[in-house]
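Chemist: To start, I am sharing the structure in question, which I have written as structure tokens.
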Amino acid sequence: MSYDRVRETDPAAADALLAERERQNDTLAMIASENHVSEAVLQAQRSELTNKYAEGYPGARYYGGCEHADTIEQLAIDRAQDLWGADHVNVQPHSGTQANMAVYLSMLDPGDRILSLELEDGGHLSHGHPANFTGQTYEVEQYQVDPETGYIDYEGLRDRAEAFDPDIVVSGYSAYPREVEWERIQAAADAADAYHLADIAHITGLVAAGVHSSPVGVVDFVTGSTHKTIRAGRGGIIMCDEEYADSIDSSVFPGAQGGPLMHNIAGKAVGFAEALEPEFRTYAERVVANAETLADRLQEHGFSLVSGGTDNHLVLVDLRDSHPDTTGKEAEEALEEVGVVLNANTVPGETRSAFNPSGIRIGTPALTTRGFGERAIREVTDLIARVVDAPDDEETKTEASVRVDELTDEFPLYG
Ligand SMILES: *Cc1c(COP(=O)(O)O)cnc(C)c1O
């Protein structure tokens, strides 16, 4: 795929698009929420459907000419039902945040109560943060992870639910390395007579492949992003029982959104078809195995991990014990210089700030897509350790970046 037509019109944009392609090829994406879609998904996403208005749902649109849009959206829905086993699926949310917004709109009134995990402990802005519409529209109380173990404090959550009497309990996280026990959170929601939204944004692919337990059939609403572990291109999705179908659909459109991004829904259809193939299960198993290798090797290098390891696709490093003078941001910046791209992250019991926190979050979904296995992951982990041990040492960084170049050559992206 070249950008020659873009170049004729807009050389500056063409330069940036090409540079981004090269950046992705030449660096190691270890941001836990990122992945690389297939060329098939890329092609679908840049299709002529970007031109099409299709307000409404398959078979019931407000515009003419929607027959092919209908086919695409129905394919995405049918495949999502096969992947996650939900009664009802809405594939129109523009992103994970919009998916959550539609659930809140559908089930809550302004001033109603949300109980969710603290952002610092691994939650998400769209779960009630004061800077987000959720924090401004609803009353929010938060639960925590156990500061000793790093696991969700399920008993604390149950007590908090009893005391706060929430209308909805939110589970599903952005920086939580352990398997979530959906049933225990559901029991707390039941006891408080609250709805339960499980936001599986990060782990959609792991759940679809059966390498993480599924909240579908346990909780009332499941939301997700489609661009993280599921590799279906940028977007969101909502799943629920039939009894909530009409309410959810009308909250997405016309409640929260206008015309659906049909080109992105085409990406979802194609990405979901890929995820139904047996190879996808192998991929998801490798993502988890690679995260275990990463976790074990980091610990061999003396790093402390929140919860002491991982069950999923990410690890959360708490630098305070092993590297008290290095902040997460400093580690992130030194690693970016050598071509390892990840993000600084808050850790439970954070003593610095959200902008310059004490941890780094590291994920394996994107490298696993490139073909990285145990040997290459160990090698990347060794590079990370060397750079974080000496973030200002130019010689170390030069050596590391040479090795990153060799690895990116060995595992090229997009042919
Ligand atoms: C990534 C993420 C989302 C979705 O975010 P968008 O950027 O809006 O797609 C929602 N919830 C959680 C827990 C996430 O990690």
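Chemist: Throw me the Rg/Rh for the chain, computed over C-alpha atoms with Kirkwood Rh, two decimals.
Modeler: 0.97
Chemist: Would you kindly compute the Cα radius of gyration of region 39-111 and its largest Cα-Cα separation (Dmax), both in Å?
Modeler: Answer for region 39-111, Rg first and Dmax second: 14.2, 45 Å.
Chemist: Also: Summarise the accessible area of region 363-415 (1.4 Å probe, protein heavy atoms) by the percent that is carbon and sulfur.
Modeler: Answer for region 363-415: carbon and sulfur cover 43 percent of the accessible area.
Chemist: Given N residues in region 173-266, what is its alpha carbon radius of gyration divided by 2.2 N^0.38 Å?
Modeler: The value comes to 1.15.
Chemist: Using a Förster distance of 56 Å, how high is the FRET efficiency between Tyr414 and Glu162, based on the Cβ-Cβ distance and rounded to 0.05?
Modeler: Rounded to the nearest 0.05, the efficiency is 0.60.
Chemist: Let me ask something else about it. Going by a ≥ b ≥ c, the root eigenvalues of the Cα gyration tensor, does region 1-81 fall in the rounded group (a/c under 1.5), the prolate group (a/b larger than b/c) or the oblate group?
Modeler: Cα axes put region 1-81 in the oblate bin.
Chemist: Could you calculate the contour length gain from Thr9 to Thr71, that is, 0.36 nm times the residue separation minus the distance between their Cα atoms, to one decimal place in nm?
Modeler: 19.0 nm
Chemist: FRET efficiency for Val218 and Asp193, Cβ-Cβ distance as r, R0 = 22 Å, nearest 0.05?
Modeler: 0.85
Chemist: Only Cα pairs within less than 10 Å get springs; with that Gaussian network setup on the chain, which residue of Lys397, Lys268, Lys228 has the largest fluctuation?
Modeler: Comparing Lys397, Lys268, Lys228 in a Gaussian network model of the chain, the most mobile one is Lys397.
Chemist: Next up: Out of Gly65, Ile185, Pro110, whose Cα points farthest toward the positive end of the dipole of region 49-199 (charges: +1 Lys, Arg; -1 Asp, Glu; placed on Cβ)?
Modeler: Of the candidates, Gly65 comes out farthest on the positive side.
Chemist: Could I ask something else about it? Given the options Ala289, Ala163, Ala189, which has the most mean-square fluctuation in a GNM of the chain, springs set between C-alpha atoms less than 10 angstrom apart?
Modeler: Comparing Ala289, Ala163, Ala189 in the GNM, the peak value goes to Ala163.
Chemist: Using helices alone, what [θ] at 222 nm do you get for the chain, with -39,500 (n - 2.57) per DSSP H run of 4 or more residues, divided over all residues and rounded to the nearest 500?
Modeler: Using -39500 (n - 2.57) per qualifying helix, the result is -13500 deg cm²/dmol.
Chemist: Find, to one decimal place in angstroms, the Kirkwood hydrodynamic radius of region 297-382, where the mean of 1/r is taken over every pair of different Cα atoms and then inverted.
Modeler: Kirkwood hydrodynamic radius for region 297-382: 13.3 Å.
Chemist: Evaluate the distance, in nm, between pseudo-label points positioned 7 Å from the Cα of Asp296 and of Glu242 along their respective Cα→Cβ axes.
Modeler: With each label placed 7 Å out from Cα toward Cβ, I get 4.7 nm.
Chemist: Quick check on region 162-263: of the DSSP beta bridges with both residues there, what percent are antiparallel, nearest 5%?
Modeler: Of those bridges, close to 40 percent are antiparallel.
Chemist: Starting from the Cα-Cα distance between Asp109 and Tyr154, subtract it from 0.36 nm times their residue separation and give me the gain in nm to one decimal.
Modeler: Extending this stretch completely gives an extra 13.5 nm.
Chemist: Another one. I'd like the trypsin sites (Lys or Arg not before Pro) in region 1-105 restricted to DSSP loop residues with at most 14 other Cβ atoms within 10 Å, sorted by number.
Modeler: Arg46
Chemist: Take every DSSP beta bridge with both residues inside the chain and express the antiparallel ones as a percent of the total, to the nearest 5.
Modeler: Counting only bridges with both partners in the chain, antiparallel ones make up about 55 percent.
Chemist: By a straight-distance test (C-alpha under 30 Å), which lysines pair with Lys268 as possible cross-link partners, with residues fewer than eight away in the same chain excluded?
Modeler: Straight-line reach from Lys268, under 30 Å: Lys52, Lys228.
The values are calculated or read from the model by the stated rules, or taken from the named source; none is laboratory data. Since we're looking at a predicted model, the values are computed, not measured. Reconstructed Cβ throughout: ideal geometry from the backbone, glycine too, with neighbour counts over all protein chains shown. For the accessible areas, the whole protein counts, side chains as well, though only heavy atoms, and no ligand, DNA or RNA atoms are used. Shrake-Rupley method; radii C 1.70, N 1.55, O 1.52, S 1.80 Å.
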